[in-house]
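Read-outs throughout are calculated quantities, based only on the coordinates presented, and are distinct from any laboratory measurement. What you see is a predicted model; the values in this text were computed from it and never measured. FYI the Cβ positions are ideal-geometry reconstructions off the backbone, even for glycines, and counts take in every protein chain you see.
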Amino acid sequence: MLGSLFLSLTQWSIVDKPEWVGVRNYQNMLFHDPRFWVSLFNTAYYVFLSVPLSALLALFLAILLNRKLRAVTLYRGIFYLPVVTSGVATAILWAWIFNPRFGVLNYVLSIFGIEGPGWLTSEVWSKPAFIIMNLWNIGSPMLIYLAALQSIPQHLYEAAELDGANHWQQFRYVTFPMLSPTTLFVLVIGIIGSFQIFTPAYVITAGSSTQAVGGPNDSTLFYVLYLYQNAFQFFKMGYASAQAWVLFVVIVSLTALQFRLSKQLIYYEGLRR
């Protein structure tokens with residue numbers, strides 16, 4: 001980390017010796033590089049839509065899979081399976097699903113008389129496509145929620161039933177408060193991971209013969225993808241190191257903000273923070 005901090009204050013093309021430039025990389029990034037702001041906006045758009053949706057869907061699935069159903073362990077394994085699938089294989093699969101001409105998704109929509117968009121070829125639909133793709137990998141937060149659900153003391157539900165609480169009231173006043181520490185963990189980890197989205201965007205756009213990396217028109221130029229380009233395509237390693245430190249500051253700031261806001265929102269049994 002100290003090495004990358006030093007490099008962020010230099011101009012280094014990997015093959016030459018680093019040349020000290022001070023804070024010039026940060027100045028260029030913030031004031032003279034429009035693609036930096038485009039990549040930051042694309043990433044923020046992706047993070048603040050995909051993370052809450054993933055958490056909600058994971059919680060919904062965990063509640064369903066917490067019931068005593070026949071072959072419930074099989075269902076749990078099926079929903080967790082995408083997590084252990086190669087990221088490259090997953091990206092290739094979804095590139096086929098989103099194909100506007102022979103993709104499965106647009107074919108299903110056509111059955112209902114809906115003309116599907118060009119998911120990965122449209123500036124409007126490209127980022128929603130990646131958000132939908134991310135929802136397929138909710139096995140980890142689902143498993144975390146499932147473990148948290150099974151750790152809620154049963155006597156709390158029994159007391160709620162005695163007070164006449166219906167299923168919604170039990171969820172609102174028992175389940176949701178008891179899951180608040182888990183929700184904080186899922187959101188923190190989700191935001192950290194989503195800010196580092198790289199593999200699907202690189203595999204799908206770099207493998208396209210009709211658009212550049214991060215296309216169309218930089219609509220899928222996510223932050224780490226742009227960092228990768230600067231480091232290993234443009235050989236601006238000092239500039240990429242500065243980008244990495246800006247990303248570090250953004251993630252740490254958002255994490256600190258979440259912990260600060262959680263003081264009045266997170267419930268621990270026997271302790272209100």
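Quick look at the values:
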read-out: Net length gained if the chain between PHE235 and TRP37 were fully extended (0.36 nm per residue, minus Cα distance); value: 69.3 nm
read-out: ALA206/LEU5 FRET efficiency (R0 25 Å; Cβ-Cβ; nearest 0.05); value: 0.30
read-out: Under the Karplus curve 6.51 cos²θ - 1.76 cosθ + 1.60, θ = phi - 60°, whole-Hz ³J(HN,Hα) for region 162-168, x wherever Gly or Pro sits; value: 5, 7, x, 6, 7, 5, 5
read-out: Proxy reagent accessibility, fewest Cβ within 10 Å first, across TYR145, TYR202; value: TYR202, TYR145
read-out: FRET efficiency, PHE60 to GLU115 (Cβ-Cβ, R0 30 Å, nearest 0.05); value: 0.55
read-out: For the chain, with +1 on Lys and Arg beta carbons and -1 on Asp and Glu, the positive-most of VAL47, PRO128, LEU81 along the dipole; value: LEU81
read-out: Computed [θ] at 222 nm, helices only, for the chain once each DSSP H run of length n ≥ 4 contributes -39500 (n - 2.57); value: -18500 deg cm²/dmol
read-out: Label point distance in nm, PHE171-GLN150, each placed 7 Å from Cα along Cα→Cβ; value: 2.1 nm
read-out: Whole-number percent relative contact order across the chain, with pairs defined as alpha carbons under 8 Å at least 6 apart; value: 30 percent
read-out: For THR10, distant residues with modelled amide H under 5 Å away; value: VAL21
